[in-house]
1. Using beta carbons and a limit of 8 Å, which pairs, at least six apart or on different chains, have the first residue in the range 124-152 and farther than 23 Å from residue 65 by Cβ and the second one open to solvent by less than 30 Å² (accessible area, probe 1.4 Å) and acidic (Asp, Glu)?
2. Could you list all residues from the range 380-412 that are part of a strand (DSSP E or B), β-branched (Val, Ile, Thr) and open to solvent by 70 Å² or more (accessible area, probe 1.4 Å)?
3. Find the residue count for the range 167-179, including only residues that are free of Cβ contacts under 8 Å to residues at least 60 places away in the same chain and either out of contact with any Leu (no Cβ under 8 Å at 6 or more places or on another chain) or not charged (D, E, K, R) (or both).
4. Quick one: would you say residue 153 is open to solvent by less than 10 Å² (accessible area, probe 1.4 Å), within 23 Å of residue 73 (Cα to Cα), assigned to a helix (DSSP H, G or I) and at pLDDT 95 or above?
5. Can you work out which of the residues in the range 314-336 that are in a loop (DSSP other than H, G, I, E, B) and over 8 Å from the mean Cα position of the chain (by Cα) is surrounded by the most Cβ atoms within 10 Å (Cβ to Cβ)?
6. Is there any pair linking a residue in the range 35-53 that is free of Cβ contacts under 8 Å to residues at least 60 places away in the same chain to one that is open to solvent by less than 30 Å² (accessible area, probe 1.4 Å), with Cβ under 6 Å and at least six apart or on different chains, and which?
7. Could you grab me the full set of residues in the range 196-231 that are under 15 Å from residue 250 (Cα atoms), touching a residue at least 40 places away in the same chain (Cβ under 8 Å) and of a type in the set (Ser, Thr, Tyr)?
8. So which of 297, 287 is over 20 Å from residue 347 (Cβ atoms) and either surrounded by fewer than 19 Cβ atoms within 10 Å (Cβ to Cβ) or not small (Gly, Ala, Ser) (or both)?
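The values are calculated or read from the model by the stated rules, or taken from the named source; none is laboratory data. Computed from a prediction, not measured in an experiment: that's the story for all the values here. Backbone-built Cβ (ideal geometry, glycine too); neighbour counts: all protein chains shown. Just the protein is used for accessible areas: all its heavy atoms, side chains included, with ligands, DNA and RNA removed. Shrake-Rupley method; radii C 1.70, N 1.55, O 1.52, S 1.80 Å.
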Amino acid sequence: MSNKKTFDKGKFRLHPNLVKACIQGLQQTFNEGKHADSIVNNLLKSNPKWGSSDRKFIAETIYDIVRWWRKLWFLTGEEPSLNTKNLWDLCAVYFITKDMSLPDWEEFERIDETKVLEREAKSYGVRVIRESIPDWLDALAYEELGDRWDKEIEELNRQAHFIIRTNTIKTNRKELQRELQNDNTATSIIDNHPDALLVEERKRIFTTEPFQNGWFEVQDASSQKVAYFMDLRPGMRVIDACAGGGGKSLHMAAIMQNKGRIISLDIFEWKLKELKRRAKRAGVSVVETRLIDSSKVIKKLADTADRVLIDAPCSGLGILKRNPDIKWKLSIESLENIKREQAKILSDYSVMVKKGGKLIYATCSILPSENEKIVDHFLAEHPNFNKVKENRVMPSDSGFDGFYMAMLEKIG
């Protein structure tokens, strides 16, 4: 970099090294197959000397550029590329769209702001450009959701709220809110979400004493609906069949007052290790983890559970707010594979429900082909189950993640 000057935006002063860090994050996001949030977290951890404003700038810039990837490349007039020189152009265009004045760095010399603004005016009339989505995904979502797709993708392109869940085994929401306020962390209550708090400003909340003491977990408001949807009671035997890191297992344990038994299953051992660590911090004693390393694991649990939760692998289209890179990494072929996997898991894992027990199928997708159609197909193939209820949480209605959940009762 030949010109080391910085420029002002309010009280924030941009340095070339911050832009370099953003470019590095973008290259890793599209090259390494990891979600942007993981890349950003690793980037921030490896640079502990960055100040809070620098960290905020880098995180927001990477997320925003990933979210608006197609639109921003349209504004550059270039083809998408991970070449460093082209990514400087992309960053320059992004700063223009954020009403920043470009500094006179040589890396920005190729960008004509007037042309960028002219292209931006043209972009508003084309949904795939305006909302920055692949053609195939736009066509599929419109086919499944109709005119509703317009407001859903508009909402999904907004920044996600930062939501935490109160761990009611150790505290209550008012007490947690008070303790966080003492640590200069402002929160607000979310109606119809008994354990949720919206964190007003993103900050290093994981260093706070309440988190270290296991008083809360990070969990989106829509995700928190799943455990309540299950009609849980203390003393039940529950299986979380696709437990992952265990957010829903821990929430179920809290609702069950840490009484009963929760068997958390997953095909990845490292996720179950993370669940054990989180359970210890949360004071949860009723969760038992088991690795699905063969079909025998499922067979041994046949006809044993009052509740079985299948939080199925899915496209993740309901969580584009927090994982915008999903739309660039998903394909029509991978989506079809996901649907086949959903149907197989639902069928295979349903054997664990005892007669009179309930099977809960959930996804963080808004596509009926991953939700209602999967459930309808299952019911047609399994007449010993009836649908009890279902709930669709659409981002445009809630302002949070998109979710689907259905409760099926085993009647024979």
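1. 145/152; 149/138
2. Of everything in the range 380-412, just one residue is part of a strand (DSSP E or B), β-branched (Val, Ile, Thr) and open to solvent by 70 Å² or more (accessible area, probe 1.4 Å), namely 388.
3. 8
4. yes
5. Narrowing the range 314-336 to residues in a loop (DSSP other than H, G, I, E, B): 314-316, 320-325, 330-331.
Add one more test, that the residue is over 8 Å from the mean Cα position of the chain (by Cα), and what stays is 314-315, 324-325, 330-331.
Numbers: 314: 24, 315: 24, 324: 26, 325: 24, 330: 17, 331: 12.
If we take residues in the range 314-336 being in a loop (DSSP other than H, G, I, E, B) and over 8 Å from the mean Cα position of the chain (by Cα), then 324 is surrounded by the most Cβ atoms within 10 Å (Cβ to Cβ).
6. So the pair list comes out as 39/25; 39/29; 40/59; 40/62; 43/25.
7. Within the range 196-231, just 223 meets the criteria.
8. Details: 297 fails: over 20 Å from residue 347 (Cβ atoms).
287 is the lone residue from the list that is over 20 Å from residue 347 (Cβ atoms) and either surrounded by fewer than 19 Cβ atoms within 10 Å (Cβ to Cβ) or not small (Gly, Ala, Ser) (or both).
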